[in-house]
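Okay, so here's the structure we're looking at.
The values are calculated or read from the model by the stated rules, or taken from the named source; none is laboratory data. The structure displayed is predicted, hence computed values, not measured ones. Every residue, glycine as well, gets a Cβ built from its backbone with ideal geometry; the counts of neighbours run over all protein chains shown. For the accessible areas, the whole protein counts, side chains as well, though only heavy atoms, and no ligand, DNA or RNA atoms are used. Shrake-Rupley method; radii C 1.70, N 1.55, O 1.52, S 1.80 Å.
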Amino acid sequence: MTMEVVDGVVHGRVRFGGAYEGPPGCVHGGFIAAVHDEILGMANSTNGQPGMTGTLTVVYRTPTPLRTELRLEARFERAEGRKQWCSSKLWAGDVLCNEAEGIFVTIGMSRFKEMVADRDGR
């Protein structure tokens with residue numbers, strides 16, 4: 001999956017091969033949820049407040065085809081206290097296959113830096 005931020009909107013591209021198959025010829029819904037979580041996390045970071053996924057809701061509209069270039073868009077929507085809402089959509093061509101909403105809970109910059117240091121063994 002590749003992602004880039006343009007004017008505050010995260011644009012992503014992904015193509016799933018046969019290893020990601022659920023229903024015949026279609027991407028397994030768990031992998032769809034994973035790419036939404038990833039791009040929503042990037043959208044959440046555009047707000048400048050690191051957070052962790054509190055909830056992830058995916059609405060599956062139509063089967064998502066394998067071996068097809070898929071396009072995603074995600075954006076930061078709003079914040080209330082420590083909660084931050086982001087939304088995303090995934091298309092195959094012009095067909096909206098699924099969409100998601102994530103609620104992220106801020107963890108504070110000092111805690112975020114601690115987590116990075118722990119990961120890097122510092």
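Count of segment 72-86 residues, restricted to those that are open to solvent by 50 Å² or more (accessible area, probe 1.4 Å) and over 12 Å from the mean Cα position of the chain (by Cα), is 7.
Residue-level check: of (1) touching a residue at least 12 places away in the same chain (Cβ under 8 Å); (2) closer than 14 Å to Gly102 by Cβ; (3) surrounded by fewer than 16 Cβ atoms within 10 Å (Cβ to Cβ), Lys89 misses just (3).
Filtered by the rule that a residue be assigned to a loop (DSSP other than H, G, I, E, B), surrounded by fewer than 17 Cβ atoms within 10 Å (Cβ to Cβ) and on the phi < 0 side of the Ramachandran plot, segment 46-60 gives a lone residue, Thr46.
When Val27, Val35 are screened for being within 15 Å of Arg13 (Cβ to Cβ), surrounded by 15 or more Cβ atoms within 10 Å (Cβ to Cβ) and over 13 Å from the mean Cα position of the chain (by Cα), only Val27 passes. Evaluate the following for Val35: is it part of a strand (DSSP E or B), closer than 16 Å to Cys97 by Cβ and of a type in the set (Val, Ile, Thr)? Answer is no for this residue. Residue under question is Ala117, and the condition is that it be in a helix (DSSP H, G or I), open to solvent by less than 40 Å² (accessible area, probe 1.4 Å) and more than 30 Å from Ala19 (Cβ to Cβ); does it hold? Answer is yes for this residue. Select from segment 94-112 the residues that are outside any strand (DSSP E or B) and open to solvent by 50 Å² or more (accessible area, probe 1.4 Å) and write down the one among them that is nearest to Thr62 (Cα to Cα). For segment 94-112, the residue satisfying everything is Asp94.
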